[in-house]
Amino acid sequence: MGEGPGEQEDLKGEPFVGAAGKLLDDMLSIIDLDRTKVYIANIVKCRQPENRTHEIDEINACVEYLKKQIMLVKPEKII
C-alpha cells in the first residue's frame, strides 16, 4: 500500500510504476512474489498538484474507499 499516485502512476493509471515500481518488483522477487500474487493500492486515489504531500482531509476522504478495497480483497497482510 502506497501513500498516493505520483506522476508516472497518474500517467499510466497503475500503482507503483517507474523507479518505485521497479524497486517494488525487485523486492517482491526476493521473497518469491510478483504482481500477480499481490494486490497493490494507494491510500489516496488521486495525484496532488505538484506532488505535494496529501493533507489529512484528503486522506480521510479516501479512507472508506480503501476500507472497501481491503474488505473485498481480504488480504493476509498489509504492508
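The values are calculated or read from the model by the stated rules, or taken from the named source; none is laboratory data. Everything quoted here is computed from the prediction, not taken from an experiment. Counting neighbours? That spans all protein chains shown, and the Cβs are built from the backbone with ideal geometry, glycine included. Note: areas computed on protein heavy atoms with side chains; ligands, DNA, RNA excluded. Shrake-Rupley method; radii C 1.70, N 1.55, O 1.52, S 1.80 Å.
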Could you work out [θ]222 nm for the chain from helices alone, using -39500 (n - 2.57) per DSSP H run of at least four and dividing by all its residues? Round to the nearest 500 deg cm²/dmol.
-14500 deg cm²/dmol
Solvent-accessible ranking of 33, 23, largest area first, probe 1.4 Å:
23, 33
Net charge of Cβ neighbours under 10 Å - reference residue 21; Lys, Arg +1; Asp, Glu -1
-1
Taking a probe of 1.4 Å, how large is the accessible area per residue of the chain, in Å²?
77 Å²
Which net charge results when you count Lys and Arg as +1 and Asp and Glu as -1 among the other residues whose beta-carbon is under 12 Å from that of residue 59?
-4
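Tally Lys and Arg at +1 and Asp and Glu at -1 over the other residues with C-beta under 11 Å from the C-beta of residue 42: what net charge comes out? Could the numbers behind the result be given before it?
Values: positive: 45, 47; negative: 3, 9, 10, 14.
Summing Lys and Arg as +1 and Asp and Glu as -1 gives -2.
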Amide H contacts under 5 Å for residue 2, restricted to residues at least 5 apart in sequence or on another chain and with H modeled in the peptide plane, are 41, 42, 43
